[in-house]
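Every number here is computed from the coordinates shown, using simple stated rules; none is lab data. Note that this is a predicted model, so its numbers are computed, not measured. Virtual Cβ from ideal backbone geometry, glycine too; neighbours counted across all protein chains shown.
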Amino acid sequence: MSSPTALYRRYRPDTFQDVIGQEHVTEPLMTALRKDRVNHAYLFSGPRGCGKTTSARILARCLNCEKGPTPEPCGVCPSCVELARGGSGSLDVIEIDAASHGGVDDARDLRERATFAPVRDRYKIFIIDEAHMVTSAGFNALLKIVEEPPEHIKFIFATTEPDKVIGTIRSRTHHYPFRLVPPEPLMAYLERLCVAEHVPVEPGVLSLVVRAGGGSVRDSLSVLDQLMAGAGTGGIDYALAVALLGYTHAALLDDVVDAVAAGDSATVFRAVDRVIQTGHDPRRFVEDLLERFRDLIIVRALPDAAESILRGVPADQLAHMRTQAQSIGAFELSRAADVTNAAFNEMTGATSPRLHLELLCAR
């Protein structure tokens with residue numbers, strides 16, 4: 001039996017409407033396609049896993065659709081089928097990975113290929129991924145054809161480092177910067193995927209996935225894929241997610257915060273020992289503790305509307321955090337966050353992180 005493909009490949013968007021968190025890019029592109037005011041060269045830049053290459057493929061699909069150029073590809077013509085998710089790829093849409101084909105000879109080869117007319121479709125489209133890896137000699141060899149391409153040629157450069165694309169090329173492109181996806185749309189998207197995959201998820205798990213993904217859709221889907229692979233019949237439970245992703249269990253953080261509120265140093269030091277004995281990274285624990293203090297400051301500032309900022313935190317956890325925030329008080333919370341932040345910065349490269357952790361707890 002063949003193994004299923006990765007989540008991020010199975011759910012790769014086929015239209016601009018399916019791309020999440022990049023409306024500032026997809027809407028102007030759809031308007032340009034609707035008005036048939038498409039440029040000959042584009043530069044898509046932004047962090048990894050945010051949809052640059054996917055959007056380049058969708059743009060190619062929109063341009064070469066039989067009903068195109070159109071913002072909504074028909075999905076049934078040969079070009080749309082070939083360029084869809086899992087499609088065979090089109091002879092007229094050439095993807096080049098500049099990480100391995102960024103030299104001057106590769107650029108000359110591309111220049112020669114660009115002189116030939118498309119095999120079947122309206123345009124011959126070159127998608128150049130990792131464009132910052134093209135050498136300056138390579139860019140100079142491309143300059144003339146990017147500056148004055150034949151009518152049938154379109155270029156789409158995708159890069160995480162637009163500053164490394166030489167200015168003469170950059171000035172001839174329409175530049176669209178992609179951004180990391182905010183937690184709210186990303187969380188809603190992950191919830192939809194879990195429903196589609198029939199995998200139940202315990203409260204609090206998806207907020208850990210979003211945090212681990214750091215705003216990159218691809219990274220978040222890779223993390224979710226890993227959790228789904230290790231999930232039992234009951235779905236993904238919180239303890240599994242915490243253990244696999246290396247975060248600190250909420251119950252342990254609760255113990256520490258409750259002990260700080262009560263001035264109970266014995267419980268705090270027992271919790272520190274538990275962190276070490278269970279093989280947790282002390283620095284990660286301090287980072288999680290700092291995040292908890294930040295959450296408590298928000299809960300104290302917005303007692304009735306904290307869930308609008310702390311998305312994905314289970315209701316019972318929020319209720320407990322309200323009690324903690326009230327018992328510690330605003331001044332003490334702020335001081336605890338400052339002390340924890342200072343300890344976190346000191347732990348970078350420290351030879352004895354446990355010592356720093358114990359000194360932090362003492363303070």
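Which one is right for this structure if Cα Rg over 2.2 N^0.38 Å is calculated from it: [x] 1.23; [y] 1.03; [z] 1.30?
[x]
On C-alpha positions alone, give me the angle between the axis of helix 217-230 and the longest principal axis of the chain, in degrees, nearest 10.
The answer is roughly 60 degrees.
Using Cα pairs under 8 angstrom and six or more residues apart, how large is the relative contact order of the chain, in percent?
The normalised contact order for the chain reaches 15 percent.
Please count, across the chain, the pairs of lysine residues with Cα atoms under 25 Å apart that sit 8 or more places apart or on different chains.
16
Computed FRET efficiency, Cβ-Cβ of ASP109 and GLU23, R0 35 Å: what is it to the nearest 0.05?
Details: r = 37 Å, r/R0 = 1.05.
With R0 = 35 Å, the Cβ-Cβ based efficiency is 0.40.
Work out the length of the dipole vector of the chain about its Cα centre, built from +1 on the beta-carbon of each Lys and Arg and -1 on the beta-carbon of each Asp and Glu, and round it to the nearest 20 debye.
Working: 39 positive and 47 negative charges, 182 e Å.
Roughly 880 debye, rounded to the nearest 20.
Which trypsin sites (Lys or Arg not before Pro) in segment 1-84 sit in a loop by DSSP (not H, G, I, E or B) and have at most 16 other Cβ atoms within 10 Å of their own Cβ?
Values: sites: ARG9, ARG10, ARG34, LYS35, ARG37, ARG48, LYS52, ARG57, ARG61, LYS67; in loops: LYS35, ARG37, ARG48, LYS67.
Sparse-neighbourhood loop trypsin sites (Lys or Arg not before Pro): LYS35, ARG37, ARG48, LYS67.
Residue by residue through segment 29-35, which ³J(HN,Hα) values in whole Hz follow from phi under the Karplus form 6.51 cos²θ - 1.76 cosθ + 1.60 (θ = phi - 60°), with glycine and proline marked x?
5, 5, 5, 4, 5, 4, 8
How would segment 1-118 be classified by its alpha-carbon gyration tensor: rounded, prolate or oblate, with rounded meaning a/c under 1.5 and the a/b versus b/c comparison settling the rest? Don't skip to the end; give the middle numbers.
On the way: a/c = 1.32, a/b = 1.10, b/c = 1.20.
Rounded shape, in that the Cα axes give a/c under 1.5.
Once the piece of chain linking LYS164 and ASP338 is laid out straight, how much longer is it, given 0.36 nm per residue of separation minus the C-alpha distance between them?
On the way: separation 174, 0.36 × 174 = 62.64 nm, distance 3.78 nm.
Gain in length upon complete extension: 58.9 nm.
If R₀ is 35 angstrom, what is the calculated FRET efficiency for the pair LYS35 and ILE309, using the beta carbon separation as r and rounding to 0.05? Show your work: numbers first, answer last.
Numbers: r = 39 Å, r/R0 = 1.11.
Computed FRET efficiency for LYS35 and ILE309 comes out at 0.35.
Return the distance in nm (one decimal) between the two label points of a simple spin-label model at GLU147 and HIS175, each offset 7 Å from Cα along Cα→Cβ.
Here the modelled spin labels are 1.9 nm apart.
Just to confirm my numbers, what's the Cα centroid distance between segment 270-339 and segment 71-111 in Å?
When both Cα centres are located, 48 Å separates them.
Output ³J(HN,Hα) for segment 283-299: one whole-Hz value per residue in order, computed from phi by the Karplus curve 6.51 cos²θ - 1.76 cosθ + 1.60 with θ = phi - 60°, and x for Gly and Pro.
Taking θ as phi minus 60°, the curve returns 5, 5, 4, 5, 4, 5, 5, 4, 4, 5, 5, 4, 4, 5, 5, 5, 4 Hz for segment 283-299.
Compute the distance from the alpha-carbon center of segment 31-52 to that of segment 207-249, in whole Å.
Between the Cα centres of segment 31-52 and segment 207-249 lies a distance of 31 Å.
Please list, ordered by chain and number, the residues whose modelled amide H lies under 5 Å from the amide H of PHE157; skip anything fewer than 5 residues away on the same chain.
Result for PHE157 returns TYR42, LEU43, PHE44, ILE128.
Have a look at the DSSP beta bridges in the chain and tell me what percent are antiparallel, nearest 5.
Working: 1 of 21 bridges.
In the chain, approximately 5 percent of DSSP beta bridges are antiparallel ones.
Under a 5 Å amide H to amide H cut-off, with H placed in plane at 1.01 Å, what residues pair with GLU95 once short-range neighbours are removed?
Amide H to amide H, under 5 Å and 5 or more residues apart or across chains, GLU95 pairs with ILE127.
Using alpha carbons only, how many degrees (0 to 90, rounded to 10) separate the axis of helix 136-147 from the longest principal axis of the chain?
Between the helix axis and the principal axis of the chain, the angle is about 60 degrees.
Can you find, among GLY230, VAL199, SER220, the residue sitting farthest towards the positive end of the charge dipole of segment 183-245, where Lys and Arg contribute +1 and Asp and Glu -1 at Cβ?
SER220
Once the Cβ-Cβ distance between ALA251 and ARG10 is put in as r, and R0 is 35 Å, what FRET efficiency do you end up with, to the nearest 0.05?
Working: r = 34 Å, r/R0 = 0.98.
So the FRET efficiency works out to roughly 0.55.
Which far-off residues, 5 or more places away or on another chain, put their amide H under 5 Å from the one on LYS124, with H placed in the peptide plane?
Here the answer is ILE153, LYS154, since their amide H atoms fall under 5 Å of that of LYS124.
Can you run phi through the Karplus equation (6.51, -1.76, 1.60; θ = phi - 60°) for segment 55-71 and list ³J(HN,Hα) in whole Hz, with x for Gly and Pro?
Working through the residues one at a time gives 5, 5, 5, 5, 4, 4, 4, 5, 6, 9, 4, 4, 8, x, x, 9, x Hz.
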